[in-house]
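Taking it in order: structure first as structure tokens, then the write-up.
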Amino acid sequence: MRSYLISLALLSLLASCATPHGTTDLDLAYWRFEGKLSIQEGGRSRIVNIDWRQRGDSSDIHLNGPLGIGDVRIRTIGNQLVIDTGDDSRVYPLDGDLVIEGDSFRLPWKRLAYWIQGLQGPDMAPIEATFSQDGWSVSILDSDINGPVLIVLSHPEIRLKLKVHRWQRSTVKEAANQI
């Protein structure tokens, strides 16, 4: 259960990140990707499907997978993060560390939104090969015209591998409903 909650915490913090500001091909306020996420932590490995929709500051992530994960929805609402497992719904503040079951798992959540789009940070410098920051190693192993399609985030306690099957992006708010 701890592994499951830590994985949710990491994804939740990913979801809470606002899209970076600026005007590059990778930086659009309205985007969606669908793919698979491999989570390796504590000698265990899980693979879940991920459907992430970003509309400005609003994130909506749907995770589903085999036994033990089921369906999980992660949303940002104002300054709160809501994790809904169907049986249970929990609300966390977006600022500060996320603490679950007495353990604090420190994540550089403000930087993760950049990393997942293949950027080092607000300066919009692209991640080329491997990039290290805040105790995390970020590797973009494959990209296409829409952005990263194979990303590995590594920390001594956890390793995430994201395989994006499909990106959708738009700069127009009206088109966001189609994303």
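The values are calculated or read from the model by the stated rules, or taken from the named source; none is laboratory data. Computed from a predicted model, the values in this text were never measured in an experiment. Methodologically, a virtual Cβ is constructed for each residue, glycine included, from the backbone with ideal geometry; neighbour enumeration extends over all protein chains shown.
Values for this structure:
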| read-out | value |
| --- | --- |
| All strands (runs of 3 or more DSSP E) inside the stretch 110-167 with 2 or more residues being among the hydrophobic types (A, V, I, L, M, F, W, C) and either under 18 Å from Leu37 (Cα atoms) or in contact (Cβ under 8 Å) with a residue 40 or more places away in the chain (or both) | 136-144, 147-155 |
| Residue pairs meeting the criteria (Cβ under 6 Å; at least 6 apart or on separate chains; first more than 20 Å from Val149 (Cβ to Cβ), in the stretch 40-57; second of a type in the set (Gly, Ala, Ser) and surrounded by 15 or more Cβ atoms within 10 Å (Cβ to Cβ)) | Glu41/Ser3; Gly42/Ser3; Arg44/Ser3; Arg55/Ala176; Gly56/Ala29; Asp57/Ala18 |
| Residues being at pLDDT below 85, buried (at least 16 other Cβ atoms within 10 Å of the Cβ) and more than 14 Å from the chain's Cα centre (by Cα) - total across the stretch 56-81 | 1 |
| Tabulated pairs, the stretch 86-100, first within 17 Å of Ile61 (Cα to Cα), second modelled with pLDDT under 85 and not hydrophobic (A, V, I, L, M, F, W, C), C-beta under 6 angstrom, 6+ apart or interchain | Val91/Gln80; Leu94/Ser16; Leu94/Asn79 |
